[in-house]
Amino acid sequence: MPDRFNTGMIVRREVLGNEHVDRAEASKTPFDEPFQNLITEAAWGTLWADETISRRERSMLTLALLAATGNFEEIPMHIRASRNTGASPEDILQAFMHVAVYAGVPKANHAIKLAKATFAEFEEEER
């Protein structure tokens, strides 16, 4: 059986970036360590490590699912990760447009608002 934790940390760093992962690791406590291990192994070491679909596609799916289920807190993080996965702003907008039709306009509207704010942060960082 592959080492899902180590694979997960590699993929997590490739997708989210070292700074994000380092911050998350630094804030880990004994209380949430089992949860952090779970998401590293399951989300990153199993799901995101699978090569059946591209990371670009995974970004689009993840963003659409987060918006459709109203889990908005992680949308900016995954918008930032799109710089590493190849999902373009146009791809992301299309994912949110699917959310509008299949899960509701208010959810898509809020996700687009978060995306616009995150893209504006990118522009500020580039100045």
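For residue 2, state whether it is outside any helix (DSSP H, G or I), more than 30 Å from residue 97 (Cβ to Cβ), over 16 Å from the mean Cα position of the chain (by Cα) and at pLDDT below 95. Yes: the conditions hold for residue 2.
This table checks each residue for (1) assigned to a helix (DSSP H, G or I); (2) out of contact with any Gly (no Cβ under 8 Å at 6 or more places or on another chain); (3) surrounded by 15 or more Cβ atoms within 10 Å (Cβ to Cβ).
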site: 29; (1), (2), (3): no, yes, no
site: 34; (1), (2), (3): yes, yes, no
site: 37; (1), (2), (3): yes, yes, yes
site: 49; (1), (2), (3): no, no, yes
site: 60; (1), (2), (3): yes, yes, yes
site: 70; (1), (2), (3): no, yes, no
site: 74; (1), (2), (3): yes, yes, no
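Is it true that residue 71 is under 15 Å from the mean Cα position of the chain (by Cα), free of Cβ contacts under 8 Å to residues at least 24 places away in the same chain and within 27 Å of residue 113 (Cβ to Cβ)? In short, yes.
Checking the stated criteria, residue 90 turns out to be within 22 Å of residue 15 (Cβ to Cβ) and modelled with pLDDT of 95 or more.
A search for C-beta distances below 6 Å between a residue of region 97-120 that is within 16 Å of residue 77 (Cβ to Cβ) and assigned by TED's automatic domain parsing to the domain that holds residue 73 and any residue that is buried (at least 17 other Cβ atoms within 10 Å of the Cβ) and among the aliphatic types (A, V, I, L, M), counting only pairs 6+ apart in sequence or on different chains, returns 111/67; 111/75; 114/75; 115/79; 115/92; 118/79. Among the criteria (1) over 11 Å from the mean Cα position of the chain (by Cα); (2) crowded, with 16+ Cβ neighbours inside 10 Å; (3) in the same structural domain as residue 109 (by TED's automatic domain parsing), the one residue 13 does not fulfil is (3).
The values are calculated or read from the model by the stated rules, or taken from the named source; none is laboratory data. The structure presented is a predicted model; accordingly, all values stated were derived computationally and were not measured. Virtual Cβ from ideal backbone geometry, glycine too; neighbours counted across all protein chains shown.
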